[in-house]
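A short worksheet on the structure shown next.
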Amino acid sequence: MNNVSLVVTAIVGCAAAIAGGALPVRTRVGAAVILTWGACAAAFVGAVHVLQTGHPMVLNSTRILPITGVSMALDPLGAIFVVITAVVAIASTLYWLGYASHGLSSRTASAAMPVFVTSMLLVPAAGSVATFMWLWEVMALASLLLVLVDQRRREETRSAAQWYAVMTHAGAAAILLALVMIAGHGGGQTFAAIRIHAAHLPTAVRTTAFLLALIGFGSKAGAVPLHVWLPKAHPEAPSPASALMSGAMVNLGIYGILLVGDRLLGGGPTWWWLVVTGVGVISALFGALHAATSTDLKRLLAYSTADNMGLVLIGVGASGLFASTGHPIVASIAMVSALLLTVNHAAFKGSLFLSAGSVQVATGSRDLDRLGGLMKRMPVTGAVFLVGGLAIAALPPLNGFVGEWMLFQSLLHGLPTSSTAVAIAVPVGVAALALTGGLTAAAFVKAIGIGFLGRPRSEGATTAHEVPRTMQFGAGLLAGFCVVLGIVPSIVMPALERAAAVAVPGASARPLSASTDLRLVGFQGVLAPALLAGGLALAFFLVVILRRIAQRRSDLRLTLRSAEPWGCGRELQTARMQYTATSFAEPLQQVFDDVLRPDRDLDVSHLAESRYYTEKIAYRTSIGDVIEHNLYRPIIGAVYRWGLWARRLQNGSVHRYLAYGLVVLVIILAVIV
């Protein structure tokens with residue numbers, strides 16, 4: 001088991017890509033899926049072995065990459081992310097079997113999907129700068145190809161792919177520069193050599209490298225203000241790719257921040273982690289607010305990814321704060337909560353994106369204003385989305401509740417403190433956690449209530465029917481993990497504790513006592529998820545039994561009347577009487593009007609006979625991304641104007657080109673001399 005798992009993962013993953021690109025259309029998807037499962041199984045087994053033993057898995061070879069060779073070293077921290085990716089990939093590729101006929105069966109897509117999965121499985125195992133960047137770029141290019149699958153039919157897809165390509169490669173450039181700076185002063189390009197020499201790096205190099213890594217990896221994680229590709233690429237990508245990007249790929253951005261900040265640089269000053277916490281707070285609030293006001297179902301889920309990654313960054317930042325101020329036990333609890341939030345996010349966000357894809361396949365739309373009534377027509381998909389929505393809203397007894405409870409406990413137990421920075425950051429983090437929870441609940445009440453309950457608002461919603469079994473099972477598998485991890489979180493706690501001990505310098509090895517309940521070692525904090533779930537189940541069954549007893553007692557003369565959900569008890573109900581997603585979010589939009597800055601358009605048409613009589617009134621409102629509009633659009637405009645000016649330099653004159661060369665040569669000589 002020393003390195004066999006890594007070799008098998010790479011070989012089988014490459015075979016899956018070859019099968020997807022070479023086999024005929026009838027067999028290519030099935031063969032690619034089965035081989036991808038093999039790669040996921042090999043990576044999963046190897047990662048679990050590392051988590052159980054604590055011994056890293058090492059592989060070195062000089063025969064693959066020229067000059068630098070390949071260096072792999074999978075430790076418990078990376079193993080957590082490998083397990084997450086493997087589980088999400090198995091569910092997503094199972095879903096892919098039924099989804100392939102909807103535009104994901106081409107040779108390009110069938111080859112890109114296994115490459116994407118395999119590269120994500122191997123990124124956390126990279127043991128050197130060259131290996132890491134090579135795998136990172138393969139992952140980015142494969143995901144870009146998957147985003148472009150539908151570009152021939154939709155202009156929005158091409159635009160989304162351009163945004164994604166620019167942001168991901170700008171982020172990769174920042175990551176490369178950070179790693180090269182560390183390696184150049186660290187005695188070698190392997191991560192083991194860098195860790196040995198990290199303490200002797202100049203302060204300016206450490207700080208610059210960390211900030212560059214935060215920018216590069218933060219863009220992949222969807223951290224605000226580097227999130228602009230998320231609400232564009234996720235809705236346009238095929239649903240299995242969206243689930244992989246949100247449930248697995250963005251998590252690797254978190255891994256990268258931990259890799260550079262904690263593993264390679266060995267932690268840093270308090271202000272580093274204040275910056276991380278601040279980015280997390282802004283990301284959580286901004287993402288939750290836009291999710292609560294979005295009417296596009298997949299766009300809503302994309303913004304909620306920024307929201308959840310913001311919570312993870314709050315946990316990572318809090319862990320760094322506590323570690324830098326001499327509180328290793330609380331730092332360990334915060335790191336375990338951040339890793340648990342990452343695991344939970346993969347489960348519920350994967351199931352939600354796959355369910356949203358099923359809705360789009362069945363109805364031809366992802367506009368919540370045109371959906372409705374899908375719980376009756378698509379009961380399995382509706383139930384899966386309901387579980388994912390309740391989990392992401394952190395309602396017990398599902399997994400989202402456990403993760404946010406642990407984060408809340410870690411923040412509370414960080415007080416009181418003598419550090420002014422911690423004393424300010426912790427209350428801000430608690431407030432952000434509370435407000436984000438409320439906004440997330442509002443977003444998914446809207447998504448479930450408008451999209452799945454009530455009456456249908458379009459022909460597609462009226463004629464919708466359940467999707468193929470493989471699509472149901474793929475989404476249902478991840479929803480099942482939401483339930484299991486919510487009731488029995490102790491099954492993953494030992495692995496998370498071992499990973500946290502690797503990530504946090506000087507961390508406590510066992511900050512939690514996990515059996516049937518979760519106890520914080522040295523603090524007053526206990527949660528019994530199984531007991532809580534049992535109590536809720538018992539209360540539910542008691543209500544059902546009492547209701548049936550009441551129905552049988554003739555003296556009560558109880559009569560029951562059926563009514564449409566969200567119908568206020570009315571017998572006559574039409575779709576126009578019920579809330580739309582836009583009207584449901586209107587109060588929040590009014591409260592946060594200065595932040596959202598929606599565009600409103602009122603069009604009044606008068607009768608031809610008299611301008612004093614109105615024929616119709618059309619009111620349209622849309623909410624754009626204020627950061628994109630105020631930050632990125634001006635930059636794009638400046639680059640465009642510079643490009644127009646630069647074209648004047650090319651007039652076809654050889655004499656002018658020779659003059660340019662002479663000027664550059666003179667400048668170079670002047671600088672050298």
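Each residue in the range 436-466 was checked for being surrounded by 24 or more Cβ atoms within 10 Å (Cβ to Cβ), of a type in the set (A, V, I, L, M, F, W, C) and not in a helix (DSSP H, G or I), and 2 pass.
Go over the candidates 247, 287, 310, 278 one by one and state the one that is in a helix (DSSP H, G or I) and more than 22 Å from residue 408 (Cα to Cα).
On the way: 287 fails: more than 22 Å from residue 408 (Cα to Cα); 310 fails: more than 22 Å from residue 408 (Cα to Cα); 278 fails: more than 22 Å from residue 408 (Cα to Cα).
Every option except 247 fails the conditions.
Within the range 504-516, is even one residue in a helix (DSSP H, G or I), exposed (fewer than 14 other Cβ atoms within 10 Å of the Cβ) and either at pLDDT 80 or above or not polar (S, T, N, Q) (or both)?
Of the residues in the range 504-516, the ones in a helix (DSSP H, G or I) are none.
No, the range 504-516 contains no residue that is in a helix (DSSP H, G or I), exposed (fewer than 14 other Cβ atoms within 10 Å of the Cβ) and either at pLDDT 80 or above or not polar (S, T, N, Q) (or both).
Yes/no per residue for (1) under 22 Å from residue 482 (Cα atoms); (2) modelled with pLDDT of 90 or more; (3) not aliphatic (A, V, I, L, M):
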| site | (1), (2), (3) |
| --- | --- |
| 241 | yes, yes, no |
| 260 | no, yes, no |
| 279 | no, yes, no |
| 303 | yes, yes, yes |
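Could you go through the range 21-29 and let me know if any residue there is among the aliphatic types (A, V, I, L, M), at pLDDT below 95, more than 24 Å from residue 221 (Cα to Cα) and touching a Gly at 6+ places or on another chain (Cβ under 6 Å).
So in the range 21-29, the residues among the aliphatic types (A, V, I, L, M) come out as 22-23, 25, 29.
Applying the additional criterion that residues be at pLDDT below 95 yields 22-23, 25, 29.
Checking which are more than 24 Å from residue 221 (Cα to Cα) leaves us with 22-23, 25, 29.
Still in the running and touching a Gly at 6+ places or on another chain (Cβ under 6 Å): none.
No, because not a single residue in the range 21-29 is among the aliphatic types (A, V, I, L, M), at pLDDT below 95, more than 24 Å from residue 221 (Cα to Cα) and touching a Gly at 6+ places or on another chain (Cβ under 6 Å).
With 357, 317 as the choices, which residue is more than 27 Å from residue 520 (Cβ to Cβ), in contact (Cβ under 8 Å) with a residue 60 or more places away in the chain and in a helix (DSSP H, G or I)? Write out each step before concluding.
Values: 317 fails: more than 27 Å from residue 520 (Cβ to Cβ).
Going through 357, 317 in turn, the sole match is 357.
Of the residues making up the range 402-421, those that are over 19 Å from residue 336 (Cα atoms) and part of a helix (DSSP H, G or I) are 420, 421. Residues in the range 88-133 that are among the β-branched types (Val, Ile, Thr) and closer than 17 Å to residue 175 by Cβ: 123, 129, 131.
Checked against (1) over 26 Å from residue 497 (Cβ atoms); (2) within 26 Å of the chain's Cα centre (by Cα); (3) surrounded by 16 or more Cβ atoms within 10 Å (Cβ to Cβ); (4) touching a residue at least 60 places away in the same chain (Cβ under 8 Å), residue 14 meets all criteria but (3).
Residues in the range 517-553 that are of a type in the set (Val, Ile, Thr), under 27 Å from residue 318 (Cβ atoms) and either at pLDDT below 70 or part of a helix (DSSP H, G or I) (or both): 521 only. Looking at the range 48-55, can you tell me whether even one residue there is in contact with a strand residue (DSSP E or B) (Cβ under 7 Å, 6 or more places away or on another chain) and among the aliphatic types (A, V, I, L, M)? Among the residues of the range 48-55, at least one is in contact with a strand residue (DSSP E or B) (Cβ under 7 Å, 6 or more places away or on another chain) and among the aliphatic types (A, V, I, L, M), which makes the answer yes. Counting the residues of the range 159-174 that are in contact (Cβ under 8 Å) with a residue 60 or more places away in the chain and touching a Ser or Thr at 6+ places or on another chain (Cβ under 9 Å) gives 3.
The sole residue among 141, 135, 122, 145 that is of a type in the set (A, V, I, L, M, F, W, C), surrounded by 24 or more Cβ atoms within 10 Å (Cβ to Cβ) and at pLDDT 90 or above is 122.
Considering only the range 171-196, state which residues are in a helix (DSSP H, G or I) and in contact with a strand residue (DSSP E or B) (Cβ under 8 Å, 6 or more places away or on another chain).
Those that are in a helix (DSSP H, G or I) and in contact with a strand residue (DSSP E or B) (Cβ under 8 Å, 6 or more places away or on another chain): 191, 192.
Annotation note: of 648, 576, the sole residue that is out of contact with any strand residue (DSSP E or B) (no Cβ under 7 Å at 6 or more places or on another chain), closer than 30 Å to residue 231 by Cβ, assigned to a helix (DSSP H, G or I) and at pLDDT below 80 is 576.
Scanning the range 197-241 for residues being more than 16 Å from the chain's Cα centre (by Cα), assigned to a helix (DSSP H, G or I) and among the hydrophobic types (A, V, I, L, M, F, W, C) gives a total of 11.
Checking the structure you have, find out if any residue of the range 78-95 is at pLDDT 90 or above, surrounded by 24 or more Cβ atoms within 10 Å (Cβ to Cβ), of a type outside the set (Ser, Thr, Tyr) and farther than 29 Å from residue 236 by Cα. Yes, the conditions are met somewhere in the range 78-95. Against the conditions (1) at pLDDT 80 or above; (2) over 38 Å from the mean Cα position of the chain (by Cα); (3) among the aromatic types (Phe, Trp, Tyr), residue 642 satisfies every one except (2). For the range 484-495, the set of residues classified as in contact with a helix residue (DSSP H, G or I) (Cβ under 7 Å, 6 or more places away or on another chain) and under 21 Å from residue 395 (Cβ atoms) consists of 485, 486, 487, 488, 489, 492, listed by residue number.
One residue alone among 372, 326 is touching a residue at least 24 places away in the same chain (Cβ under 8 Å) and part of a loop (DSSP other than H, G, I, E, B), and that residue is 372.
Is at least one residue of the range 411-418 within 20 Å of the chain's Cα centre (by Cα), touching a residue at least 24 places away in the same chain (Cβ under 8 Å) and under 28 Å from residue 281 (Cβ atoms)?
Within the range 411-418, the first condition is being within 20 Å of the chain's Cα centre (by Cα), and the residues that meet it are none.
No, the range 411-418 contains no residue that is within 20 Å of the chain's Cα centre (by Cα), touching a residue at least 24 places away in the same chain (Cβ under 8 Å) and under 28 Å from residue 281 (Cβ atoms).
Residues in the range 374-417 that are β-branched (Val, Ile, Thr) and within 22 Å of residue 297 (Cα to Cα): 380, 381, 384, 387, 392.
Can you confirm whether the range 624-632 contains a residue that is in contact with an Asp or Glu (Cβ under 9 Å, 6 or more places away or on another chain) and touching a residue at least 24 places away in the same chain (Cβ under 8 Å)? Reasoning before the result, please.
Kept after step one, since they are in contact with an Asp or Glu (Cβ under 9 Å, 6 or more places away or on another chain), are these residues of the range 624-632: 624, 632.
Narrowing further to those that are touching a residue at least 24 places away in the same chain (Cβ under 8 Å): 624, 632.
Yes.
The values are calculated or read from the model by the stated rules, or taken from the named source; none is laboratory data. Note that the structure is a prediction, hence the values are computed from the model and not measured. In this analysis, Cβ positions are derived from the backbone assuming ideal geometry, glycine residues included, and neighbour counts consider all displayed protein chains.
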